[in-house]
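Here is the structure we will look at.
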Amino acid sequence: MDILFCTSEAYPLIKTGGLADVSGSLPKALHALGHDVRIVLPAYPEVLQHSAGLTTVAELTLVGATEPVEILAGHLAGSEVGLYLVNSPAHFRRPGNPYLQDDGSDWPDNAERFALFARAIVALALGQADRDWKPELVHCNDWQTGLVPALLSLHRERPATLFSIHNLSYQGLFPAETFRTLRLPESLWSIDGVEFHGQLSFIKGGIACADHISTVSPTYAKEICTSAFGYGLEGLLQYRSNDLIGILNGMDSDTWNPATDLFIERTYNVHHLQHKLANKLALQRDHGLPRGAQPLLLGYIGRLVEQKGVDLMLAILDALFRHPVQLVVLGSGEQALEQQLEAAAQRYPHQLAVHTGYDERLAHRIEAGADALLMPSRYEPCGLNQMYSLAYGTVPIVHRTGGLADTVVDLNERSARDYSATGFCFDDTTPEAVLEACERALSYFQASRIDWWKLVITGMKKDFSWPASAARYLDLYRAMCGIENDVEAPPQLDSIAHGTALLDTLTPESRIH
Ligand code: ADP
């Protein structure tokens with residue numbers, strides 16, 4: 001198939017979170033399955049710096065740009081996946097975060113920037129930019145590409161559109177006047193289009209107008225149809241629930257593999273688990289914590305924001321550190337949370353190490369060195385760190401929500417007996433529930449190392465690699481395009497026939513009902 005994958009970030013070119021990981025991995029996995037998938041990204045300076053051999057395939061005159069907008073073509077660094085870059089220096093040639101200024105506030109012209117991005121994508125989708133290539137399907141991701149399905153819906157001859165929600169809380173909401181300044185087609189200003197309670201909502205354009213919608217885990221697909229997780233879009237999502245599917249993200253097992261990881265102190269695998277201890281001792285050494293196998297070493301990696309439950313983690317520190325527990329935190333985000341964590345690290349110098357900032361190497365070293373990884377997220381569309389931690393034999397302690405619920409099996413009597421447990425889950429987003437889960441993990445860790453290693457090994461044997469998830473996307477793409485099964489197609493496609501309700505043909509656990 002010919003697929004245009006539209007994203008505002010992709011690893012290794014530019015990354016602020018999980019979307020970049022997915023955008024770097026899924027196209028590669030689809031390419032490996034024999035498909036022509038091309039990524040389109042804004043030409044931020046960092047992206048240009050990391051992309052070699054680019055050629056200009058088009059110069060477009062687009063609404064919202066005073067200068068012609070170049071479409072550059074090349075390949076995603078380190079792969080054969082095609083890459084298009086939308087080069088409009090006035091919109092994208094800025095250093096740093098793609099969405100935020102240095103003080104953490106949004107770029108004031110984000111609506112103009114991503115509306116221009118959408119218009120360039122529409123030109124590519126309709127074969128008006130690269131005359132040699134026209135996709136059958138356009139896969140959009142998150143609000144930055146939400147206008148694409150909306151604009152494409154106005155064309156009779158167009159590719160199929162899929163809109164993926166990676167995090168519903170980021171919506172691209174702007175005042176109604178912005179709709180006029182962007183000169184969007186009048187017909188889109190409606191309850192069935194981009195209007196959301198009198199505001200312009202980019203994400204609504206994707207949800208309301210795409211042919212199909214996906215999100216990054218089956219549980220999150222159900223959650224976003226409820227008022228607790230739907231941010232006011234639950235009604236629309238319920239209405240579209242026949243076209244909504246949850247497909248769990250995969251993880252890049254080339255980058256995240258303890259047997260080959262060049263960042264970590266000592267590589268290991270299930271057969272040489274004793275080498276994991278060298279990573280624990282190195283992590284303790286590097287962060288000034290007393291070295292030893294005995295304390296339970298917890299890790300936290302992620303954005304320091306309310307979503308991730310950092311406040312819950314802060315609230316339990318006094319109680320947690322009465323036990324032989326250490327914690328290494330890596331993250332950046334809200335200043336107040338950073339400061340509270342740093343202050344706590346001064347109070348508990350032998351038990352808490354805090355590193356604020358973004359540090360890829362340290363993320364790998366925490367995954368390898370910690371005994372357990374704490375993820376008290378209030379909601380988590382998919383979450384990647386718990387998958388990395390399972391692969392690294394680092395037991396996840398997670399809130400049972402979204403992708404965390406779909407990837408971690410709580411340790412209880414039954415799951416301990418049949419060796420299906422992989423971690424510790426809790427149901428309430430309260431400090432008491434987080435503490436109770438950490439204490440359960442500690443008791444298990446202290447009671448029997450053999451049982452602990454069994455838990456670790458069950459997790460390490462789980463397969464969350466991309467090929468399985470990519471095959472599910474492919475099932476969906478084919479179903480959306482009415483492409484019949486062929487000999488090489490994955491077995492789930494057997495039942496697909498033209499004219500049937502598309503999602504009825506997909507595997508039951510990924511459908512929301
Ligand atoms: P989200 O996309 O909500 O931030 P995910 O768990 O889906 O959360 O993905 C986060 C990704 O970003 C993971 O690959 C994680 O390791 C990485 N990450 C987050 N914060 C940091 C940090 N401070 N340093 C290094 N990597 C980080």
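The values are calculated or read from the model by the stated rules, or taken from the named source; none is laboratory data. Since the model is a prediction, treat every value here as computed from it, not as a measurement. Here Cβ is always computed from backbone atoms with ideal geometry, including for glycine, and neighbour counts include all displayed protein chains.
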Expected single match for assigned by TED's automatic domain parsing to the domain that holds L362 and charged (D, E, K, R) among R472, R417 is R417
Taking segment 11-26 and keeping residues within 13 Å of the ligand (Cβ to nearest atom) and over 15 Å from S469 (Cβ atoms) leaves Y11, P12, I14, K15, T16, G17, A20
Only one of (1) within 19 Å of D311 (Cα to Cα); (2) within 9 Å of the ligand (Cβ to nearest atom) does not apply to A363, and that is (1)
Looking across segment 156-188 at residues that are more than 30 Å from D2 (Cβ to Cβ) and of a type in the set (V, I, T), the single one that is surrounded by the most Cβ atoms within 10 Å (Cβ to Cβ) is T178
Counted residues in segment 259-306 being in contact with a helix residue (DSSP H, G or I) (Cβ under 6 Å, 6 or more places away or on another chain), under 12 Å from R365 (Cα atoms) and of a type outside the set (G, A, S) come to 9
Cβ pairs under 6 Å, 6+ apart or interchain, first in segment 357-368 and not assigned by TED's automatic domain parsing to the domain that holds L283, second among the small types (G, A, S), ordered by first then second residue, are none
- With respect to G230, determine if the residue is away from the ligand (no atom under 16 Å from the Cβ), farther than 19 Å from I121 by Cβ and either buried (at least 21 other Cβ atoms within 10 Å of the Cβ) or under 18 Å from the mean Cα position of the chain (by Cα) (or both). yes
Of the listed residues (S105, S79, S88), the one being of a type outside the set (A, V, I, L, M), modelled with pLDDT under 95 and more than 27 Å from S332 (Cβ to Cβ) is S79
Contact list, first residue from segment 100-122 and more than 20 Å from K15 (Cα to Cα), second anywhere and surrounded by fewer than 14 Cβ atoms within 10 Å (Cβ to Cβ), beta-carbon distance below 7 Å, six or more apart or interchain, is R119/V63
Reported set for segment 286-322 where residues are outside any helix (DSSP H, G or I), more than 16 Å from the ligand (Cβ to nearest atom) and closer than 19 Å to G369 by Cβ is G288, L289, P290, R291, G292, A293, Q294, P295, L296, L297, F321
Residues in segment 380-410 that are farther than 27 Å from T267 by Cβ and either outside the structural domain of G292 (by TED's automatic domain parsing) or more than 11 Å from the ligand (Cβ to nearest atom) (or both) total 6
Pairing a residue in segment 256-271 that is among the small types (G, A, S) with any residue that is assigned to a loop (DSSP other than H, G, I, E, B), where Cβ atoms lie under 8 Å and the two sit 6 or more apart in sequence or on different chains, gives A259/T267; A259/Y268; A259/N269
Checklist entry - Does A421 satisfy being buried (at least 24 other Cβ atoms within 10 Å of the Cβ), under 30 Å from A228 (Cβ atoms) and more than 13 Å from the ligand (Cβ to nearest atom)? => result yes
Checked against (1) in contact (Cβ under 8 Å) with a residue 24 or more places away in the chain; (2) under 17 Å from M460 (Cα atoms); (3) of a type in the set (S, T, N, Q); (4) away from the ligand (no atom under 12 Å from the Cβ), Q351 satisfies every condition except (2)
Can you spot a residue in segment 192-201 that is in a strand (DSSP E or B), among the small types (G, A, S) and either outside the structural domain of C382 (by TED's automatic domain parsing) or loosely packed, with under 15 Cβ neighbours inside 10 Å (or both)?
yes
L283: passes all of (1) among the hydrophobic types (A, V, I, L, M, F, W, C); (2) away from the ligand (no atom under 16 Å from the Cβ); (3) closer than 15 Å to Q326 by Cβ but (2)
Of (1) without any contact (Cβ under 8 Å) to a residue 12 or more places away in the chain; (2) within 16 Å of the ligand (Cβ to nearest atom), Q49 satisfies every one except (2)
Taking segment 360-402 and the residues there that are among the charged types (D, E, K, R) and at pLDDT 95 or above, the one that is surrounded by the most Cβ atoms within 10 Å (Cβ to Cβ) would be E380
Reported set for segment 407-423 where residues are in contact (Cβ under 8 Å) with a residue 24 or more places away in the chain and touching a Phe, Trp or Tyr at 6+ places or on another chain (Cβ under 8 Å) is T407, L411
Exactly one of S377, S332 is within 14 Å of the ligand (Cβ to nearest atom), among the hydroxyl-bearing types (S, T, Y), in contact with a Gly (Cβ under 6 Å, 6 or more places away or on another chain) and more than 22 Å from N97 (Cα to Cα), and that one is S377
